[in-house]
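Please read the structure below before turning to the comments.
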Amino acid sequence: MSENPFLTGIAGVIDRISETQGPAIETAADWTAEAIAGDHLVFLFGSGHSFIATMDTYPRIGSFPGWFPIHETSTSYMPTVLGNQGLRQALFLEKVDGFGRLVMENYRLRPEDVLVSISNSGVNPMGIDVALVAREHGLKTIAVTSMAHTALSASRHSSGKRLFEVCDLVIDTCVPAGDALVDVPGFPHRVGAASTIAACVVMQSLSAATAARLAERGVDLPIFPSHNAEMSADEHAAVEGMVDRWYVEHARRSTGVFK
């Protein structure tokens, strides 16, 4: 049986992340653990498909309070290609200079917080604006982006800067320019997008490294567990109890985040 070219390609991307991005992920984990241990928040932002990596980080099985995704519906919820809240509108809005600043007006940011902005291309104004606002408020900022793609792309932001140029730390998703991985004879363009999977791998790696640091500090946080495994009545009761604590802790930490 021949190898599946997408599986081979995405395995190569993940291998490159593992080989090259460890130091950046470890530094990011130092920052995020410091924020969470201090009762502060790690804001997560992504528009378009980059939003998926924020949702995969939190709330998610194995996740813990302290993360705060910014889910701007107009640029992260695309139920149809055409029509109400379709792809055209989302792609337009993330290119509007100043829209990210408007979104961030909803949030009370503190210098002890951290922001992670995720964008494969790193050139659209929305993600850049979000990072700029965070830096203006004193937050440490982390870009999760494809350096191969952004190196070949001009910024669409009025500053002329790309995401990696406005953030304090960059984690490269190691996705090739153009995102898609597989050439198919007879098709006009490559297929098999890698950026969402790569961003999720980066973010779950960051989450796990953050948890390790919090454990070293003795920070006790509830974890959102799987509800779909076979378990005894006592185990089920323990799981439900942890879920209740998870909700309460999230509510406590996010109180007052909106202006």
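Candidates are the residues of segment 163-185 that are touching a Lys or Arg at 6+ places or on another chain (Cβ under 9 Å) and acidic (Asp, Glu); the one that is most open to solvent (accessible area, probe 1.4 Å) is ASP183.
Of everything listed in (1) out of contact with any Ser or Thr (no Cβ under 8 Å at 6 or more places or on another chain); (2) open to solvent by less than 30 Å² (accessible area, probe 1.4 Å); (3) under 21 Å from ILE52 (Cβ atoms); (4) not basic (Lys, Arg), the single unmet condition for LEU109 is (3). When THR75 is tested against (1) free of Cβ contacts under 8 Å to residues at least 60 places away in the same chain; (2) open to solvent by 20 Å² or more (accessible area, probe 1.4 Å); (3) β-branched (Val, Ile, Thr), just one condition goes unmet, and that condition is (2). Residues in segment 186-206 that are in a helix (DSSP H, G or I), open to solvent by 30 Å² or more (accessible area, probe 1.4 Å) and more than 18 Å from GLU19 (Cβ to Cβ): 1 in all.
Residues in segment 152-162 that are over 16 Å from ARG101 (Cβ atoms) and open to solvent by 70 Å² or more (accessible area, probe 1.4 Å): LEU152, ALA154.
Restricting attention to segment 52-72 and to residues that are of a type outside the set (Val, Ile, Thr), in contact (Cβ under 8 Å) with a residue 40 or more places away in the chain and assigned to a helix (DSSP H, G or I), the residue that is most open to solvent (accessible area, probe 1.4 Å) turns out to be ASP56. From the list ALA37, ALA33, ALA53, which residue is among the aliphatic types (A, V, I, L, M) and closer than 17 Å to SER119 by Cβ? Criteria check complete, one pass: ALA53. Residues in segment 207-217 that are of a type outside the set (Asp, Glu), assigned to a helix (DSSP H, G or I) and open to solvent by 60 Å² or more (accessible area, probe 1.4 Å): ALA208, ALA215. A residue that is under 19 Å from ALA251 (Cβ atoms), surrounded by fewer than 14 Cβ atoms within 10 Å (Cβ to Cβ) and at pLDDT 95 or above can be found somewhere in segment 39-47.
Against the test of being within 30 Å of VAL239 (Cβ to Cβ), of a type outside the set (Gly, Ala, Ser) and in contact with a His (Cβ under 6 Å, 6 or more places away or on another chain), the options PRO65, PRO69, PRO59 yield a single qualifying residue, PRO65. Residues in segment 218-239 that are exposed (fewer than 12 other Cβ atoms within 10 Å of the Cβ) and at negative phi: ASP220, SER226, HIS227, ASN228, ALA229, GLU230, SER232, ALA233, ASP234, ALA237.
The values are calculated or read from the model by the stated rules, or taken from the named source; none is laboratory data. Since the structure is predicted, the reported quantities are computational estimates derived from the model, not experimental observations. As a convention, Cβ positions derive from the backbone with ideal geometry for all residues, glycine included, and neighbour counts pool all protein chains shown. To get the accessible areas, we keep the full protein, side chains included, count just its heavy atoms, and leave off ligands, DNA and RNA. Shrake-Rupley method; radii C 1.70, N 1.55, O 1.52, S 1.80 Å.
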